[in-house]
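For reference, the structure discussed in these notes is given below.
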Amino acid sequence: MGVVFRSALVLAVFTCIAFSADDVVSAVSGSVKTIDKGTKTVVVKVADGTEHTFHFVGRTVAHGGEAVGHGSKDAFLGMKEGDEVVVHYTAKGAVKTAHEVDHIGKDGLKMSEVTVKSVDHGAKVVTVKTAEGGEETYHLTGNAVRETGKGLDKAGKVTIYYSEEGGKKIAHFFTAS
């Protein structure tokens with residue numbers, strides 16, 4: 001009886017730990033290699049040659065490109081092989097689920113090399129110094145806010161990927177320069 005109770009207790013503890021772990025959002029940038037609308041997957045090849053397969057779900061959002069889409073069906077709109085993208089995703093085991101896909105370049109996110117001056121997590125903004133010496137303020141998306149928690153304020157020079165909406169610059173993603 002005692003063995004069964006201890007086993008059940010251990011199982012309950014491990015179950016609680018597994019369910020309490022937050023999904024960590026990561027991001028990669030690269031080139032779309034293949035798209036499979038039937039299985040709702042896309043393969044992205046990053047600069048070091050690694051290929052990542054991402055699954056699209058009903059909540060996957062796409063920014064830039066020919067269309068802005070919400071949901072796994074719409075997230076494929078305007079995406080084609082060779083497109084440069086940033087994929088924000090979570091991973092459970094070997095399965096990577098795309099939550100946001102940002103197109104880079106023409107009709108997509110713009111990019112600029114800047115030096116981080118300050119990060120205000122409460123106001124969700126980052127102030128940067130441009131290459132020309134001026135200061136600019138960028139508002140942060142939810143994913144960008146999470147990424148700033150990974151030491152952006154100490155990063156120095158970064159490449160910032162952003163869009164302009166309503167006269168404001170909206171930062172979506174950062175990479176170390």
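Counting other Cβ atoms within 10 Å, which GluC sites (Glu not before Pro) in segment 82-177 have at most 15 and lie in a DSSP loop?
Sites meeting the loop and neighbour criteria: 132.
A simple spin-label model places pseudo-atoms 7 Å from Cα toward Cβ; at residue 136 and residue 55 they are separated by 3.8 nm.
In order along segment 115-129, the Karplus-derived 3J(HN,Hα) couplings, from 6.51 cos²θ - 1.76 cosθ + 1.60 at θ = phi - 60°, round to 10, 6, 9, 7, 10, 10, 5, x, 7, 6, 9, 10, 9, 10, 9 Hz, and Gly and Pro are given as x. Distance between the pseudo-spin-label points of residue 91 and residue 129 (7 Å out from Cα toward the beta carbon): 3.6 nm.
Between residue 165 and residue 41, the modelled labels are 3.1 nm apart [label points 7 Å from Cα along Cα→Cβ]. With R₀ set to 22 Å, the beta-carbon distance separating residue 176 from residue 106 gives a calculated FRET efficiency near 0.35.
In order along segment 165-177, phi translates into HN-Hα couplings of 9, x, x, 10, 8, 10, 7, 9, 6, 10, 9, 5, 8 Hz, rounded to whole numbers, per the Karplus curve 6.51 cos²θ - 1.76 cosθ + 1.60 with θ = phi - 60° and x for Gly and Pro.
Overall, the accessible surface of segment 83-177 at a probe of 1.4 angstrom is composed of carbon and sulfur to the extent of 49 percent.
The values are calculated or read from the model by the stated rules, or taken from the named source; none is laboratory data. Since the structure is predicted, the reported quantities are computational estimates derived from the model, not experimental observations. Quick reminder, even Gly has a Cβ in these numbers, built from the backbone with ideal geometry, and neighbours come from all protein chains shown. Calculation scope for accessible area: heavy atoms of the full protein, side chains included, ligands and nucleic acids excluded. Shrake-Rupley method; radii C 1.70, N 1.55, O 1.52, S 1.80 Å.
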